[in-house]
1. For region 72-121, name all the residues that are open to solvent by 70 Å² or more (accessible area, probe 1.4 Å) and in a strand (DSSP E or B).
2. When you scan region 52-71, how many residues do you find that are under 19 Å from Ala24 (Cα atoms), open to solvent by less than 60 Å² (accessible area, probe 1.4 Å) and outside any strand (DSSP E or B)?
3. Taking region 1-20 only, how many residues are open to solvent by less than 70 Å² (accessible area, probe 1.4 Å) and of a type in the set (Val, Ile, Thr)?
4. Being within 21 Å of Ser121 (Cβ to Cβ) and of a type in the set (Val, Ile, Thr): is that true of Val106 here?
5. From the list Ala40, Ala33, Ala49, Ala23, exactly one residue is of a type in the set (Gly, Ala, Ser), modelled with pLDDT under 95 and open to solvent by less than 30 Å² (accessible area, probe 1.4 Å). Which is it?
6. Which of the numbered conditions does Asn103 fail, given that it passes all the others? Conditions: (1) at positive phi; (2) in contact with a Gly (Cβ under 9 Å, 6 or more places away or on another chain); (3) not charged (D, E, K, R).
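The values are calculated or read from the model by the stated rules, or taken from the named source; none is laboratory data. This structure is a prediction, so every number in the text was calculated from the model and none was measured. All Cβ positions, even for glycine, are placed from backbone atoms using ideal geometry, and neighbour counts span all protein chains on display. Note: accessible area is taken over every heavy atom of the protein model, side chains too, but ligands, DNA and RNA are not part of it. Shrake-Rupley method; radii C 1.70, N 1.55, O 1.52, S 1.80 Å.
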Amino acid sequence: QVQLVESGGGLVQAGGSLRLSCAASRSFNSRNAMGWYRQAPGKQRELVAALSSSSSTKYADSVKGRFTISRDNAKNTVYLQMNSLKPEDTAVYYCNAGRFFSNVYVPSDFWGQGTQVTVSS
């Protein structure tokens, strides 16, 4: 069983940047796809970015051009670089170890505990 631990959240002003990290408790196969989700108060959890084993990426329209997902297999870590942050990016961010099926990211039951991102206006 994979355990995922997110870090890097915090309070930032609009226009600022943050880099989230998701560390896996054991070596995850480079064939694992990884995803970042977020959940704002009163809203459903939504997929923000996903990274396939072949390094192809998918992003929510709301973050395209601002967020970048990447991984470092040697460190068992996945990152989410967030630039030009907006107040509407405020949410708890979660990472997930899932898979791609027909070019769609399918989450697994392996979730981290989440990290809070708050963007002030």
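1. Listed by number, the residues that qualify are Arg99, Phe101, Val104, Trp111, Gln116.
2. So the count comes out to 1.
3. Residues that pass the stated criteria total 2.
4. Numbers: within 21 Å of Ser121 (Cβ to Cβ): no; of a type in the set (Val, Ile, Thr): yes.
Taking the combined requirement at face value, the residue does not satisfy it.
5. Ala33
6. All conditions pass for Asn103, except number (2).
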